[in-house]
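The values are calculated or read from the model by the stated rules, or taken from the named source; none is laboratory data. This structure is a prediction, so every number in the text was calculated from the model and none was measured. Counting neighbours? That spans all protein chains shown, and the Cβs are built from the backbone with ideal geometry, glycine included.
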Ligand SMILES: CC(=O)N[C@@H](CCCN)C(=O)O
Ligand SMILES: NC(=O)OP(=O)(O)O
């Protein structure tokens, strides 16, 4: 039984097979691959794209989905051996096993609470379901977002063809709140796996991503004779880039501090993706996972410009997830 938890443990060839199938599904969206299959989609956080594209995609393949919002189910405990005298009414040991008797696949969205990164970097909710469920699990975004990164790769391949040797500028961008690092981690993992040269642009060393993702990205890049460069110099990062991918995230070293102390300093607003920065690139494409605050993370001119892939990438979520579902539980 295989899960789709992170692209780290899927080979480049396997990921490319998923992308190739997604392209075929984009042309021919409906079939019976999931006929009679039932999926639970469990959300601990809001969603527009993920929720809709999974439900529609499962229906397109003849399957059935049930959406469970955490707010409408029992507060869940995931720590092994916990004495459950707090808020939680149910342990993942039961929740995962019970759901496994009803459905053929469980998909989970569970962002870290950013209270204790040393624990949260182990992805405890997802790990709890993997440990106790007896059906395949899909990660709909936790500390990584593998479905988003597949959609990003698909959009990049549609525009650029073979990605090997292309330069990706993965830029931190301003947002008032300290957001999750999942999409940035995933963009790094996916791009390096496909042989892209990745430049991570962030305001200072405190914004560098968790070392486990940095090391994995470096390892994947090295397998292609490529590298991961970290810079705080905007011009250096944008110069010659073929693709710009923007994401805002909070500093890992401030996790656990009161929220007031974790808000992003306004003097970092100049990281906004604008036409002036894009002019330094090799006519780069622009993308972002969405949702996106316009004229905060990127200007209207960039977002609405001819090189913007945001809607294409969002659409591709539907196609890549159908390929993943087919690979895990397809007939
Ligand atoms: C506002 C917010 O929390 N955005 C999330 C959404 C990621 C895509 N699902 C973030 O940027 O991490
Ligand atoms: N990009 C993405 O995952 O969007 P949602 O949060 O709306 O699902």
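Tabulated data for the structure shown
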{"item": "Flag if residue 222 is outside any loop (DSSP other than H, G, I, E, B), more than 19 Å from the chain's Cα centre (by Cα) and either over 21 Å from residue 180 (Cβ atoms) or at pLDDT 95 or above (or both)", "result": "yes"}
{"item": "Residue within the stretch 313-325 that is within 15 Å of ligand 2 (Cβ to nearest atom) and either surrounded by fewer than 19 Cβ atoms within 10 Å (Cβ to Cβ) or in a strand (DSSP E or B) (or both) present", "result": "yes"}
{"item": "Cβ-Cβ under 8 Å pairs, at least 6 apart or on other chains, the stretch 179-191 side within 13 Å of residue 147 (Cα to Cα) and in the same structural domain as residue 214 (by TED's automatic domain parsing), far side near ligand 1 (Cβ under 6 Å from one of its atoms) and assigned to a loop (DSSP other than H, G, I, E, B)", "result": "182/141; 183/141; 183/289"}
{"item": "Matching residues, the stretch 1-27, being assigned to a loop (DSSP other than H, G, I, E, B) and at pLDDT below 95", "result": "1"}
{"item": "Residue in the stretch 81-94 that is crowded, with 18+ Cβ neighbours inside 10 Å and either closer than 15 Å to residue 127 by Cα or at pLDDT below 95 (or both) present", "result": "yes"}
{"item": "Output for the stretch 182-199, where each listed residue is part of a strand (DSSP E or B) and either surrounded by fewer than 24 Cβ atoms within 10 Å (Cβ to Cβ) or within 16 Å of ligand 2 (Cβ to nearest atom) (or both)", "result": "197, 199"}
{"item": "Test: residue in the stretch 164-179 that is within 23 Å of residue 14 (Cβ to Cβ), at pLDDT 95 or above and within 12 Å of ligand 1 (Cβ to nearest atom)", "result": "no"}
{"item": "Residue in the stretch 246-259 that is surrounded by the fewest Cβ atoms within 10 Å (Cβ to Cβ), counting only those that are in contact with a helix residue (DSSP H, G or I) (Cβ under 6 Å, 6 or more places away or on another chain) and part of a helix (DSSP H, G or I)", "result": "253"}
{"item": "Any hit, the stretch 277-285, residues being under 22 Å from the mean Cα position of the chain (by Cα), farther than 20 Å from residue 179 by Cα and surrounded by 14 or more Cβ atoms within 10 Å (Cβ to Cβ)", "result": "yes"}
{"item": "Enumeration of residues in the stretch 56-83 that are more than 16 Å from ligand 1 (Cβ to nearest atom) and part of a helix (DSSP H, G or I)", "result": "56, 57, 58, 59, 60, 71, 72"}
{"item": "All positions within the stretch 102-122 that are part of a loop (DSSP other than H, G, I, E, B), closer than 30 Å to residue 261 by Cα and out of contact with any helix residue (DSSP H, G or I) (no Cβ under 9 Å at 6 or more places or on another chain)", "result": "115, 116, 122"}
{"item": "Unmet requirement for residue 160, which otherwise passes all of (1) surrounded by fewer than 22 Cβ atoms within 10 Å (Cβ to Cβ); (2) under 26 Å from residue 290 (Cβ atoms); (3) touching a helix residue (DSSP H, G or I) at 6+ places or on another chain (Cβ under 8 Å)", "result": "(3)"}
{"item": "Considering residues of the stretch 26-64 that are within 9 Å of ligand 2 (Cβ to nearest atom) and without any contact (Cβ under 8 Å) to a residue 40 or more places away in the chain only, the residue surrounded by the most Cβ atoms within 10 Å (Cβ to Cβ)", "result": "51"}
{"item": "Which listed residue is surrounded by fewer than 18 Cβ atoms within 10 Å (Cβ to Cβ) and in contact with a helix residue (DSSP H, G or I) (Cβ under 8 Å, 6 or more places away or on another chain), from 215, 226, 262, 293", "result": "262"}
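For every residue, the table says whether it meets (1) out of contact with any strand residue (DSSP E or B) (no Cβ under 9 Å at 6 or more places or on another chain); (2) outside the structural domain of residue 184 (by TED's automatic domain parsing); (3) within 16 Å of ligand 2 (Cβ to nearest atom).
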residue: 264; (1), (2), (3): yes, no, no
residue: 268; (1), (2), (3): no, no, no
residue: 284; (1), (2), (3): no, no, no
residue: 303; (1), (2), (3): no, no, yes
